[in-house]
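The values are calculated or read from the model by the stated rules, or taken from the named source; none is laboratory data. It should be emphasised that the depicted structure is a prediction, and the values quoted were computed from it without experimental measurement. Cβ atoms come from the backbone with ideal geometry, glycine included; neighbour counts cover every protein chain shown. The accessibility values were calculated without ligands, DNA or RNA, using every heavy atom of the protein model including side chains. Shrake-Rupley method; radii C 1.70, N 1.55, O 1.52, S 1.80 Å.
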Amino acid sequence: MSSNFKPLDRSELADDYNERGISYFNIQKYPEAIKEFTKAIKILDNEPDFYYNRGLAYYSMKMLEQAVKDYKKAIELYPEHADYHNALGSVYEDMGNLEEALKAFNRAIELEGDVPDYYYNRGNVYWKMQRFQDALADYTKAVQLNSQDPIFLYRRHELLAYMGKYGEAARDMLEIIKLTPGVPAYYVDAADLFIKAGMRESAIEVLEEGIRAYPDSKELRDKYESLSEKQV
């Protein structure tokens with residue numbers, strides 16, 4: 001009898017285990033994913049993506065020391081891969097090791113300076129380090145690189161408000177409203193920021209805009225009536 005079956009070579013078999021690990025990871029079966037990635041590594045121990053993928057699974061399980069070890073191994077095998085450094089920075093940040101996190105994010109940005117997530121992540125570390133101007137610069141860079149992602153704008157608006165820059169924070173909120181329609185509370189948030197900035201007319205205008213968009217919103221109407229009464 002003849003057969004067309006051909007056994008997989010070592011590289012193909014390792015790739016097969018890796019793909020199975022990815023499939024488990026995508027359905028959040030992290031222990032199973034780790035087992036598959038480990039099988040791939042045992043067959044082919046010089047493939048950085050296998051360590052990176054297992055590191056992601058460890059990270060998802062909050063097994064941070066194991067994640068660090070795998071990310072470092074991936075970096076050792078492929079030191080020019082920016083995502084590996086970014087991932088390592090995220091683990092260090094979660095561990096509270098802000099100095100090491102900063103080094104990792106710096107390296108990611110050195111390798112690939114046009115990825116908004118890297119600046120966003122570094123900005124979060126700067127904020128925790130109370131380096132507010134540096135954080136603001138990074139959030140602004142993230143917004144410049146991707147002005148359509150409301151997450152970057154929202155984080156910058158939070159920092160601006162924390163720094164007492166209420167007018168700027170309110171303007172960011174107006175941009176967020178454009179990007180994420182369907183949230184009446186954002187109009188209230190913008191109005192509150194304008195009020196703190198001493199810009200009452202702008203607060204009233206944004207509430208009127210919100211009421212036109214969401215005439216049934218009790219939150220918007222209550223806020224508008226409260227502000228109008230104070231103006232009388």
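Taking A203 and the conditions (1) among the small types (G, A, S); (2) open to solvent by 20 Å² or more (accessible area, probe 1.4 Å); (3) modelled with pLDDT of 95 or more, which numbered condition does it fall short on, given that it satisfies the others? A203 satisfies every listed condition except (2).
Only one entry in R131, R171, R156 is without any contact (Cβ under 8 Å) to a residue 12 or more places away in the chain and farther than 24 Å from R221 by Cβ, namely R131. In the range 172-195, of all residues being hydroxyl-bearing (S, T, Y) and closer than 18 Å to P215 by Cβ, the one that is surrounded by the fewest Cβ atoms within 10 Å (Cβ to Cβ) corresponds to Y186. With the requirement that a residue be under 17 Å from R54 (Cα atoms), β-branched (V, I, T) and open to solvent by 20 Å² or more (accessible area, probe 1.4 Å), what does the range 75-128 give you? Within the range 75-128, I75 is the sole residue that qualifies. Before we move on, is E100 among the charged types (D, E, K, R) and either touching a residue at least 40 places away in the same chain (Cβ under 8 Å) or more than 16 Å from D138 (Cβ to Cβ) (or both)? Considered against the rule, which asks whether it is among the charged types (D, E, K, R) and either touching a residue at least 40 places away in the same chain (Cβ under 8 Å) or more than 16 Å from D138 (Cβ to Cβ) (or both), E100 comes out as yes.
Within the range 206-215, the only residue that satisfies the criterion of being surrounded by fewer than 19 Cβ atoms within 10 Å (Cβ to Cβ) and of a type in the set (G, A, S) is A213. Total residues in the range 158-171 satisfying the condition of being over 19 Å from R200 (Cα atoms) and open to solvent by less than 60 Å² (accessible area, probe 1.4 Å): the figure is 2. Only a single criterion out of (1) over 23 Å from K73 (Cα atoms); (2) within 15 Å of the chain's Cα centre (by Cα); (3) open to solvent by 30 Å² or more (accessible area, probe 1.4 Å) is not satisfied by A142, namely (3).
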